[in-house]
Amino acid sequence: MERKLLEICNRQIEREAYSSNLYLAMATWAETKGLEGISQWLYAQSDEERDHMMRFIKYVSERGEHAVIPALEKPPIDYGSVKEMFDEVLKHEKFVTQSINEIVAMATELNDYAMLNWIQWFIAEQFEEETSVQAVIDKLELLGDKNLYLFDRDIMSMRGEH
Ligand code: FEO
């Protein structure tokens, strides 16, 4: 694997690991507010991010390279509202999509067809994640803050809709 491709894959390991911790931090915040459904959604999301990190770690290792396990920045511990928190989730997922796109662009430039083939799963996954977070935000806007109880009760049923 070309050095710069390895470096950008290791950067992605760090970003997926941070995503997992970010959603864990959001999950514990939601728990302190008594929002059990929302926290379950975020714990599940955090598990998915760990899976994304593991996919990169295993792929880098399979290519005979050294996957570097990073130190992580501390995620925020507080949010002004549930809506503000989900806006942050969407913003973060768009950032991750951009990050995956940069890997695709580099693999294309380097004619690394094995990498291009492998990363297709992430292209589909990012599309799915952005769509599903947008659906959550749409529902939240529809119900409004006064109906947070209903939103919290129903959010888990929205997983896997997209
Ligand atoms: Fe692994 Fe949600 O990006």
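The values are calculated or read from the model by the stated rules, or taken from the named source; none is laboratory data. Computed from a predicted model, the values in this text were never measured in an experiment. Here Cβ is always computed from backbone atoms with ideal geometry, including for glycine, and neighbour counts include all displayed protein chains. When the accessible area is computed, the model is the full protein with side chains, heavy atoms only, and any ligands, DNA or RNA have been set aside. Shrake-Rupley method; radii C 1.70, N 1.55, O 1.52, S 1.80 Å.
Starting with the highest mean, order 90-99, 6-15, 53-62 by the number of other Cβ atoms within 10 Å, averaged over the residues of each peptide.
6-15, 53-62, 90-99
Relative to the longest principal axis of the chain, what angle (0 to 90°, nearest 10) does the C-alpha long axis of helix 82-109 take?
Rounded to the nearest ten degrees, it is 10.
Excluding residues fewer than 8 places away in the same chain, name every one of the lysines whose C-alpha is closer than 16 Å to that of LYS58.
Partners within reach: none.
Would you mind getting the accessible area per residue of the chain, heavy atoms of the protein chains only, 1.4 Å probe, in Å²?
On a per-residue basis, the chain sits at 53 Å².
Order these peptides, 79-87, 139-147, by their mean beta-carbon neighbour count within 10 angstrom, highest first. Before the final figure, lay out each step's value.
Working: 79-87: 15.6, 139-147: 12.8.
Ranking the peptides 79-87, 139-147 by packing returns 79-87, 139-147.
Stretch GLU65-LEU143 to full length: gain in nm at 0.36 nm per residue minus the Cα-Cα span?
Here the segment from GLU65 to LEU143 would lengthen by 23.2 nm.
When the helix-only estimate is applied to the chain (DSSP H runs of n ≥ 4, each -39,500 (n - 2.57), divided by the residue count), what is the mean residue ellipticity at 222 nm, nearest 500 deg cm²/dmol?
Using -39500 (n - 2.57) per qualifying helix, the result is -27000 deg cm²/dmol.
At what distance in nm do the modelled label points of GLU88 and ASN101 sit from each other, each positioned 7 Å from its Cα along Cα→Cβ?
2.4
Under the definition of Cα pairs under 8 Å and six or more residues apart, what whole-number percent is the relative contact order of the chain?
Working: 150 pairs, mean separation 45.0, N = 162.
For the chain, the relative contact order is 28 percent.
When the Karplus curve 6.51 cos²θ - 1.76 cosθ + 1.60 is applied with θ = phi - 60°, which whole-Hz ³J(HN,Hα) does each residue of region 71-77 get, with x for Gly and Pro?
So the Karplus estimates, Gly and Pro as x, are 7, 10, 5, 6, x, x, 9 Hz.
Stretch ASP78-MET156 to full length: gain in nm at 0.36 nm per residue minus the Cα-Cα span?
25.9 nm
GLN120 to THR32: FRET efficiency via 1/(1 + (r/R0)^6), r the Cβ-Cβ distance, R0 22 Å, to the nearest 0.05?
Numbers: r = 39 Å, r/R0 = 1.77.
With a Förster radius of 22 Å, E is 0.05.
Just list whichever of LYS91/LYS139; LYS74/LYS139; LYS74/LYS146; LYS4/LYS74 have alpha carbons separated by over 23 Å in the model shown. Don't skip to the answer; put the middle values down first.
Details: LYS91/LYS139 17 Å; LYS74/LYS139 29 Å; LYS74/LYS146 31 Å; LYS4/LYS74 27 Å.
In this structure, LYS74/LYS139; LYS74/LYS146; LYS4/LYS74 lie more than 23 Å apart at Cα.
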